[in-house]
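Have a look at the structure below before the remarks.
The values are calculated or read from the model by the stated rules, or taken from the named source; none is laboratory data. Owing to the predicted nature of the structure, the values given are computational and were not obtained by experimental measurement. Because the Cβ atoms are built from the backbone with ideal geometry, glycine has one as well, and the counts that use them run over all protein chains shown.
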Amino acid sequence: MSGLNRRLASISAMERAAARRIPRFAFEYLQGGIGHEACLAANRRALDAVEITPHYMLDETFEPDLSVSLFGKTWPLPFAPSPIGPSGLMWPRSAERVAAGATCHGLPIGLSSYATSSLEEIAAIAGDKLWFQLYCTIDPAIENDMIDRAEAAGCKTMIITVDIPTVTRRERDAENGLSVPPHFDLGTLRDMATRPRWCLEMLKAGIPRFRNLDRYVPGGSSPAAAAVFLSDMIDGRVTTDKLGRIRERWKGNLIVKGILTPEEALRAKQIGADAVAVSNHGGRQFDATPTSVAVLPEIREAVGPDYPLVADGGVRSALDVMRLIACGTDFVLMGRAFVYAAAAAGTDGVEHLIKLVKTELRQNMLQAGCADYRELRTRRQT
């Protein structure tokens, strides 16, 4: 790992390394937001603006406790890989690589319904550390089957995403002609020709497909017809009745993701959600949404000090993890960073990322003079 310490000294270095290995059309999907990408930029500005006042002249020495309790379980670190849909298009088998690296360190792994690896494949690696993200559909039978599959695979935590009421059009993706499976034209073929390692890994992994959803596509469908079917299948308008029905069927932990107001956080809590994830979907759905940093304090005040909150939004360092905790969350999801790591150096890159953030987290907690994460909330400057 000594070579990685020098070559991949930060998540920004992993991002640069990933850019050299991933074809442009796939890398821009990973990096991009929606519209003018104002929300994407706002996430970064908001995190940078969070200040934590350090305390130095303490009465005794201490060792920071980096663990966190969530759902009756102690996790060694307060962060985990967030679900990313077609991550296997960005780097082949990246979900498997991220799962192997994360679970090796005792962390959960988020997996999307629209992943290019199936929940059964990832559960075989992650076991009960799999957090499966369910996108609601127009067909309750498909929803129920996916819930049953998650339970049968040993998944203990399900994420219901509520911030995709409709399919969105992202300008970068439209310009690049991005699709799953990939649409091969002169532009994409040219991009691929400059990334031979990606091509080799893709040949070994096979053309990416939405493997969780393959079984629901009508038999005999062409790739184009299958893509239309899967697009039309999504019904992201998650009503309180639908959420209640899912809560009744799913017996494990339930996280409602995409919450940005105290009112909706309380509604999810009343329906029986075990946690809510404060998120603007990484700036990828609606370009006018507030940031997690902006809304977390009032959501925390509304739900009380002990109700579990999860959050994401542009996290690129241990300090960013601390900033979100200081604003009120208990646990942080990191999306793009883990794909950068997998593309830069495979499973070793993922493990390196976790070790790097863990080391910096300890250093920054000592620098802040905080033995416990909850102390960060009293040190945040507003």
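Structure notes:
- Of the residues examined, ALA123 is not one that is buried (at least 24 other Cβ atoms within 10 Å of the Cβ) and touching a strand residue (DSSP E or B) at 6+ places or on another chain (Cβ under 9 Å).
- Selected residue [at pLDDT below 90 and among the aliphatic types (A, V, I, L, M)] from ILE147, ILE138, ILE125, ILE142: ILE138
- Positions within the stretch 225-262 being modelled with pLDDT of 95 or more and not in a helix (DSSP H, G or I), in sequence order: TRP250, LYS251, GLY252, ASN253, LEU254, ILE255, VAL256, LYS257, GLY258, ILE259, LEU260, THR261
- For the stretch 89-98, the condition of being surrounded by 22 or more Cβ atoms within 10 Å (Cβ to Cβ), among the β-branched types (Val, Ile, Thr) and at pLDDT 95 or above holds for at least one residue.
- Residue list for the stretch 295-350, restricted to those being surrounded by 24 or more Cβ atoms within 10 Å (Cβ to Cβ) and among the aromatic types (Phe, Trp, Tyr): PHE331, PHE338, TYR340
- Condition check for LEU230: crowded, with 18+ Cβ neighbours inside 10 Å, closer than 23 Å to ILE159 by Cα and touching a Phe, Trp or Tyr at 6+ places or on another chain (Cβ under 7 Å): yes
Per-residue answers, yes or no, for (1) closer than 30 Å to ARG190 by Cβ; (2) of a type outside the set (Gly, Ala, Ser); (3) touching a residue at least 24 places away in the same chain (Cβ under 8 Å); (4) out of contact with any strand residue (DSSP E or B) (no Cβ under 6 Å at 6 or more places or on another chain):
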| site | (1), (2), (3), (4) |
| --- | --- |
| ALA18 | yes, no, yes, yes |
| ARG24 | yes, yes, yes, yes |
| LEU47 | no, yes, yes, yes |
| PRO54 | no, yes, yes, yes |
| PHE62 | no, yes, yes, yes |
| ASP65 | no, yes, yes, yes |
| THR74 | no, yes, no, yes |
| LEU77 | no, yes, yes, yes |
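- Selection within the stretch 309-345 - in a helix (DSSP H, G or I) and touching a Phe, Trp or Tyr at 6+ places or on another chain (Cβ under 7 Å): VAL321, ILE325, VAL339, ALA342, ALA343
- Looking only at the stretch 69-79, and only at residues there that are surrounded by 19 or more Cβ atoms within 10 Å (Cβ to Cβ) and either within 15 Å of the chain's Cα centre (by Cα) or of a type in the set (Val, Ile, Thr) (or both), the one that is nearest to ALA345 (Cα to Cα): PHE79
- Of everything listed in (1) of a type outside the set (A, V, I, L, M, F, W, C); (2) part of a helix (DSSP H, G or I); (3) farther than 23 Å from VAL332 by Cα, the single unmet condition for HIS55 is (2).
- Qualifying residue in the stretch 208-220 (condition: at pLDDT 80 or above, closer than 28 Å to ALA18 by Cβ, surrounded by fewer than 17 Cβ atoms within 10 Å (Cβ to Cβ) and under 25 Å from the mean Cα position of the chain (by Cα)): yes
- When residues in the stretch 31-41 are screened for being touching an Asp or Glu at 6+ places or on another chain (Cβ under 9 Å) and either assigned to a helix (DSSP H, G or I) or under 18 Å from LEU189 (Cα atoms) (or both), 4 of them pass.
- Any chance ALA153 is exposed (fewer than 15 other Cβ atoms within 10 Å of the Cβ) and hydrophobic (A, V, I, L, M, F, W, C): no
- Residue, surrounded by the most Cβ atoms within 10 Å (Cβ to Cβ), within the stretch 351-382, restricted to residues that are out of contact with any strand residue (DSSP E or B) (no Cβ under 7 Å at 6 or more places or on another chain) and of a type in the set (S, T, N, Q): ASN364
- Residue within the stretch 89-96 that is charged (D, E, K, R), on the phi < 0 side of the Ramachandran plot and outside any strand (DSSP E or B) present: yes
- Among the residues of this structure, ASP191 does not count as one that is within 27 Å of LEU260 (Cα to Cα), modelled with pLDDT under 95 and crowded, with 18+ Cβ neighbours inside 10 Å.
- Of all residues in the stretch 150-180 being at pLDDT below 95 and of a type in the set (A, V, I, L, M), the one that is farthest from the chain's Cα centre (by Cα): ALA174
- Top-ranked residue in the stretch 266-287 [being part of a loop (DSSP other than H, G, I, E, B) and either at pLDDT below 95 or on the phi > 0 side of the Ramachandran plot (or both); ranked as surrounded by the fewest Cβ atoms within 10 Å (Cβ to Cβ)]: GLY272
- Within the set SER118, SER82, the sole residue that is farther than 21 Å from VAL315 by Cβ, among the hydroxyl-bearing types (Ser, Thr, Tyr) and either surrounded by fewer than 16 Cβ atoms within 10 Å (Cβ to Cβ) or at pLDDT 95 or above (or both) turns out to be SER118.
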